[in-house]
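Engineer: Below is a structure I'd like to ask you about.
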Amino acid sequence: MKQTLKKGLQTGLETTWTLGKVLFLVTLIVSFLQHTPLIDWMVHFITPVMKVIGLNGDAAIPLVIGNFLNLYAAIGAILSIDFTVKEVFILAVMLSFSHNLLIETTVASKVGVKLWIILSVRLGLAFFSAFIINLFWDGGGEKAQYGFISQQDAVPSDWGMILFEGLEKAAMGVIQLAAIVIPLMIAIQFMKDLGWVDAFSKKMEPVTEMLGMKRNTSTTLAAGLIFGLAYGAGVMLQAVKEDGVEHRDLTLAFIFLVACHAVIEDTLIFVPIVGSVWPLLLIRLFAAILLTMIIGFVWKKQAHIGKRGTVYEH
């Protein structure tokens, strides 16, 4: 037991150090950038696209803030603008696929999945889902009624306060990361030594196989679904080192998770603005399963054709 605890703690600390460096730096940079004209420039840049997906120009504000910062900031922006029920639902779906891009994508890329894959899937699903919803939903034209009123944080008045705020956010981010990752790694180490991980992987085998992955990817999937990309990345790093998860399976797992991760927190946070979150959750799950299955099938087919070509050459 002592050895298991020691090994789990060591893994947790190493993972926190690896991910924490990235998290701290990106959070600090984002804290500075949000006080520059960059967000206004990005809002101006994507405003013309809004009408294509059934949104007015003001919708660019929560979209940019949500992707640049996080879901909480995006919801604060939604609450400060008058939207219709349909517009709010489209925004909720888009932001559930694509949010906190800088931090989550940078941290997740430490696992070894290419950056362009993560960004393409998240942004592609966000805009494609919005286009489809707008195309097939004729209702929702009434004004949205929200469950609570947002409270605006005080805006720092000078660069010294901005630096302090950035350092505080970055430090708290690392502390929160450590508070989740270290106990998680210790728990997983105990589960491994007790044989529970193997049992869980066995039960998850039909699901992972349906998605085109091997059964040793199940722990990675579970961690990302519950804890999200940033925190789940700690488990994924360990899985790559110890469980022999192949790069192909890791990429497929990430394709699934960038569409559907942290399903408890990321879904419940939208309750005050969309009411019932079941449609939101089902859209995320359906998109994640369908996209992963299609890519896994195509990937497997190409590999099979490649092997046949090699045989014929000989």
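The values are calculated or read from the model by the stated rules, or taken from the named source; none is laboratory data. Quick caveat, the model's predicted, so the values are computed rather than measured. With ideal geometry, Cβ positions are generated from the backbone for all residues, glycine too; neighbour counts draw on all protein chains shown. Note: accessible area is taken over every heavy atom of the protein model, side chains too, but ligands, DNA and RNA are not part of it. Shrake-Rupley method; radii C 1.70, N 1.55, O 1.52, S 1.80 Å.
Engineer: Mean Kyte-Doolittle of at least 0.5 plus a Cα span of 20 Å or more along the axis: flag which DSSP H helices in the chain meet both, please.
Structural biologist: Both cut-offs are met by 2-33, 115-136, 159-193, 278-313.
Engineer: Please compute the contact order of region 27-130 in relative form: average sequence separation of alpha-carbon pairs under 8 Å and at least six residues apart, divided by the residue count, as a percent.
Structural biologist: Answer for region 27-130 is 24 percent.
Engineer: Only Cα pairs under 8 Å and at least 6 apart count here; give the relative contact order of the chain as a rounded whole percent.
Structural biologist: Relative contact order here is 24 percent.
Engineer: Under a Cβ-only charge scheme (Lys and Arg +1, Asp and Glu -1), can you give me the dipole magnitude of region 1-151 about the Cα centre, in debye to the nearest 20?
Structural biologist: For region 1-151, the charge dipole is close to 840 debye.
Engineer: Taking the full set of protein chains and a 1.4 angstrom probe, give the accessible area of THR4 in square angstrom, rounded to the nearest 10.
Structural biologist: Approximately 20 Å² for this residue.
Engineer: With point charges of +1 on the Cβ of Lys and Arg and -1 on the Cβ of Asp and Glu, referenced to the Cα centre of the chain, which listed residue (LEU69, SER120, ALA187) lies farthest in the positive direction of the dipole?
Structural biologist: After comparing all options, I get ALA187.
Engineer: Also, quick follow-up: Give the ranking of SER31, SER120 by solvent-accessible surface, highest area first, calculated with a 1.4 Å probe.
Structural biologist: SER120, SER31
Engineer: Are there trypsin sites (Lys or Arg not before Pro) in region 110-147 that DSSP marks as loop and that have at most 13 other Cβ atoms within 10 Å, and which are they?
Structural biologist: When the trypsin sites (Lys or Arg not before Pro) of region 110-147 are filtered for loop state and at most 13 Cβ neighbours within 10 Å, LYS114 remain.
Engineer: Something else now. From the Cα gyration tensor of region 61-151, with a ≥ b ≥ c the square roots of its eigenvalues, which class applies: rounded if a/c is under 1.5, or else prolate if a/b is larger than b/c, or else oblate?
Structural biologist: oblate
Engineer: I've got another one for you. Nearest 500 deg cm²/dmol is fine: what mean residue ellipticity at 222 nm does the chain get from its DSSP H runs of n ≥ 4 alone, each adding -39,500 (n - 2.57), divided by its residue count?
Structural biologist: -25000 deg cm²/dmol
Engineer: With a point put 7 Å past each Cα toward its Cβ, work out how far LEU285 is from GLU168 in nm, to one decimal.
Structural biologist: 4.0 nm
Engineer: Please get the size of the charge dipole for the chain, origin at its Cα centre, with Cβ charges of +1 on Lys and Arg and -1 on Asp and Glu, quoted in debye to the nearest 20.
Structural biologist: 1180 debye
Engineer: Continuing with the same structure: So for HIS44, HIS247, what's the accessible-area order with a 1.4 Å probe, most first?
Structural biologist: From most exposed to least exposed: HIS44, HIS247.
Engineer: Ok, one more. Which distance in Å, rounded to a whole number, links the C-alpha centroids of region 64-78 and region 159-186?
Structural biologist: Comparing the Cα centres of region 64-78 and region 159-186, I get a distance of 19 Å.
Engineer: Between [x] 15.9; [y] 19.4; [z] 14.6, which entry matches mean projected area of the Cα convex hull in nm² as derived from the coordinates of this structure?
Structural biologist: Derived directly from the coordinates: [y].
Engineer: Separate question: At a 1.4 Å probe radius, which order do GLU209, GLU104 fall into by accessible area, largest first?
Structural biologist: In descending accessible area the options line up as GLU209, GLU104.
Engineer: Which one of THR18, THR4, VAL49 has its Cα pushed farthest toward the positive end of the charge dipole of region 1-60, where Lys and Arg give +1 and Asp and Glu give -1 at the Cβ?
Structural biologist: THR4
Engineer: Quick check for you: with a 1.4 Å probe and neighbouring chains kept, what is the accessible area per residue of region 217-303, in Å²?
Structural biologist: 40 Å²
Engineer: Would you pull out the residues with amide H under 5 Å of THR84's amide H, same chain only if 5 or more places away, H placed 1.01 Å from N?
Structural biologist: Under 5 Å from the amide H of THR84 lie the amide H atoms of ALA144, each far enough along the sequence or on another chain.
Engineer: Quick check: the distance between the Cα centres of region 254-276 and region 93-115, to the nearest angstrom?
Structural biologist: Cα centres, region 254-276 to region 93-115: 14 Å.
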